[in-house]
Amino acid sequence: MKRTRNISIVLNSLFILVISYVAWYRRQVVLSEAQEFGKDVNAWDITFAIQNNMYLILFFLMPLLLFLSFRTIEQQYEPTILIRVGSFRNWVYYSTKRYVRAVLTLFGFVLLLSLLSAVDQPFTLQWSPYSQLATSGNNSHHLIATFHSPLSVILLQPILWLLVSIVLHGLMCLMFLLHEKRNGLLLQAAGVVIWCIFSFKSSFGVGEFFSPATYFSVGAVSNIMHPWIALVILSLAIVLIYLLAQWMRPLRQLLTSRNEFVPYLTYAMLASLYIFLSSSRASTELQTIGDLFVVVFYGVSAEGSSFLQLVSHLILFFGLAYLSQLRLQDQMTAIGPYTWMRYQRLEKWALHVFVKEGRFYLLALSLLILGTMVIGMLQGVSLSLSTSLLSISPMQLLLQLFGISMLQLMLYSLFSFILLWQFPDGYAMLGLFGVLSVFLLPNFNRYGIFPSGLNGFAQLQSFSLMHLMIVLLIYVGLSLVWLYVLFQKSIRI
């Protein structure tokens, strides 16, 4: 409890420093642009530039709000409180009241600072001449088409903040009630932040609509719908959360009985969503199924990659590696006297395990490729493996798609197996995937020697198939030697 309080103090202090700097910086941007174009500004231009800054919302406001939600849930989810309130629905309401008290202070500070930053400018009832400029630093430009007066915006903004905060905390509560695990709550918060960043960077309408960060900004909401409609959507979401909290007990029983299928269904939904969005965004460039394969499985390279390409590898291949990790944990948990009687040696048992994982990966890759082909046929592309997007033959395309991908995935599983053998609780896997994710970033794998993301088609622009295969085979060989040494130590113990 004391540690959480200390973290809260540090985060609050950091946010105050950051919002103060952002307020000063956005003020300078507005004033310099107004001077450059010879336009007059008013106080609202500076105020809205601060309040609608998406980078401030995504990277500072959202993490702080999610931490406050995490702290509130952790503190209030106790048996005595549950007995006193009487039901999960009442507990969600009880927890939300305490969360709202915490965030009101935060929002009050942001609102006050954004107003004080513009105190030397006139607070008028009309938009300024600068507001009509379509520049990168002018957030008011997007609001003029929707609002006749800036007063409507300054009244609507705090209401949006309050409603979306309630929705955000309510969803966090509902998800927590399904598993009741502290680490799961942390993963929830991280997932929300990643989803919001992904939706903002990829700029697709469905993602922005379902991104909580969008609703923290009147300007961002105005780009996809009328802000008053957003109020209705958020209000309906609050009602839905209230109803779901009332039905939480049967939902928990249903998920408990089907718990083992949840990760697979989640992966299938995310992979399907990514394939559909990728094909939709590149529909004008697609002529053949080969083109679609290149777009969907393009991956990352050291020379440069987009945020969407990075997320694609995390979803499609790290997602499969995570599912394999869950399967490996089940296999290790099931080790007993019968396992020793049947296999007699750890090496034979491990070979059996990895053959099963290879079949799993082969099935998963086949389903991903089949799903991609179905979407391609629905879009009317030609059923040809040739591609004009890369200088590769159909055979090279298939080798990269199946051969290199299988080697890459099996290597991920070998890494997982080695760590799980030494750290059975599985927490070390977060560090493993974190390190492998760093290797996906631009300039980290310039020579193609790090074993992460080598199965993307982007790698073929810098390296040959032979180079990628040799690198992966070397790592697979080293991992097998390491695993053999671990088995020998286990036998001696």
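The values are calculated or read from the model by the stated rules, or taken from the named source; none is laboratory data. Keep in mind that this is a model prediction, so the values were computed, not measured. Positions of Cβ are backbone-derived with ideal geometry, glycine not excepted, and every protein chain shown enters the neighbour counts.
For the stretch 356-378, a tally of residues being of a type outside the set (A, V, I, L, M, F, W, C) and touching a residue at least 40 places away in the same chain (Cβ under 8 Å) returns 6. Taking the listed residues Phe457, Phe463, the one that is of a type in the set (Phe, Trp, Tyr), closer than 28 Å to Phe307 by Cβ and in contact with a Phe, Trp or Tyr (Cβ under 7 Å, 6 or more places away or on another chain) is Phe457, with no other qualifying.
Restricting attention to the stretch 405-444, the residues that are under 14 Å from Leu310 (Cβ atoms) and crowded, with 22+ Cβ neighbours inside 10 Å total 1.
Applying the criterion of at least 1 residues that are acidic (Asp, Glu) to the helices (runs of 4 or more DSSP H) found wholly in the stretch 264-342 leaves 289-296, 319-333.
Counting only residues that are aromatic (Phe, Trp, Tyr) and crowded, with 22+ Cβ neighbours inside 10 Å, the stretch 445-457 holds 1 of them. Scanning the stretch 200-226 for residues that are assigned to a helix (DSSP H, G or I), modelled with pLDDT of 80 or more and either over 25 Å from the mean Cα position of the chain (by Cα) or within 19 Å of Phe307 (Cβ to Cβ) (or both) returns Phe200, Pro212, Ala213, Thr214, Ala220.
None of Val381, Val353, Val294 is in contact (Cβ under 8 Å) with a residue 24 or more places away in the chain and closer than 25 Å to Ile449 by Cβ except Val294. Name the single residue, out of those in the stretch 182-199 being at pLDDT 85 or above and within 13 Å of Ile73 (Cα to Cα), that is surrounded by the fewest Cβ atoms within 10 Å (Cβ to Cβ). Applying the filter and picking the extreme gives Leu186. Of all the criteria given as (1) surrounded by fewer than 16 Cβ atoms within 10 Å (Cβ to Cβ); (2) hydrophobic (A, V, I, L, M, F, W, C); (3) under 24 Å from Phe176 (Cα atoms), the one not satisfied by Phe109 is (3). Filter the stretch 160-181 for residues that are under 17 Å from Arg101 (Cβ atoms) and surrounded by fewer than 18 Cβ atoms within 10 Å (Cβ to Cβ) and give the result. Answer for the stretch 160-181, where residues must be under 17 Å from Arg101 (Cβ atoms) and surrounded by fewer than 18 Cβ atoms within 10 Å (Cβ to Cβ): just Leu162. Among the residues making up the stretch 230-248, those that are surrounded by 13 or more Cβ atoms within 10 Å (Cβ to Cβ) and more than 17 Å from Val92 (Cα to Cα) are Ala230, Leu231, Ile233. Annotation: of all residues in the stretch 343-396 being in a helix (DSSP H, G or I) and either charged (D, E, K, R) or in contact with a Pro (Cβ under 6 Å, 6 or more places away or on another chain) (or both), the one that is surrounded by the most Cβ atoms within 10 Å (Cβ to Cβ) is Glu357.
Of the residues in the stretch 473-481, at least one is surrounded by 18 or more Cβ atoms within 10 Å (Cβ to Cβ) and at pLDDT 90 or above. Within the stretch 118-133, is even one residue at positive phi, of a type outside the set (Val, Ile, Thr), over 30 Å from the mean Cα position of the chain (by Cα) and surrounded by fewer than 20 Cβ atoms within 10 Å (Cβ to Cβ)? Among the residues of the stretch 118-133, not one is at positive phi, of a type outside the set (Val, Ile, Thr), over 30 Å from the mean Cα position of the chain (by Cα) and surrounded by fewer than 20 Cβ atoms within 10 Å (Cβ to Cβ), which makes the answer no. Is there any pair with a first residue in the stretch 308-321 that is without any contact (Cβ under 8 Å) to a residue 60 or more places away in the chain and a second that is surrounded by fewer than 19 Cβ atoms within 10 Å (Cβ to Cβ) and part of a helix (DSSP H, G or I) whose Cβ atoms are under 6 Å apart and which are 6 or more apart or on different chains, and what are they? Every condition considered, the pairs that remain are Ile315/Leu270; Gly319/Tyr267.
Taking the criterion of being of a type outside the set (A, V, I, L, M, F, W, C), assigned to a helix (DSSP H, G or I) and farther than 15 Å from Phe354 by Cβ, the residues of the stretch 456-487 that qualify are Gln459, Gln461, His467. Residue-level check: of (1) over 30 Å from Lys348 (Cα atoms); (2) within 27 Å of the chain's Cα centre (by Cα), Phe450 misses just (1). Screening the stretch 56-152 for helices (runs of 4 or more DSSP H) wholly inside it with 3 or more residues that are under 22 Å from Ile241 (Cβ atoms) returns the ranges 62-76, 79-85, 88-116. Looking at the structure I just gave you, is Leu409 assigned to a helix (DSSP H, G or I), under 27 Å from Met332 (Cα atoms), among the aliphatic types (A, V, I, L, M) and under 24 Å from the mean Cα position of the chain (by Cα)? Taking the combined requirement at face value, the residue satisfies it.
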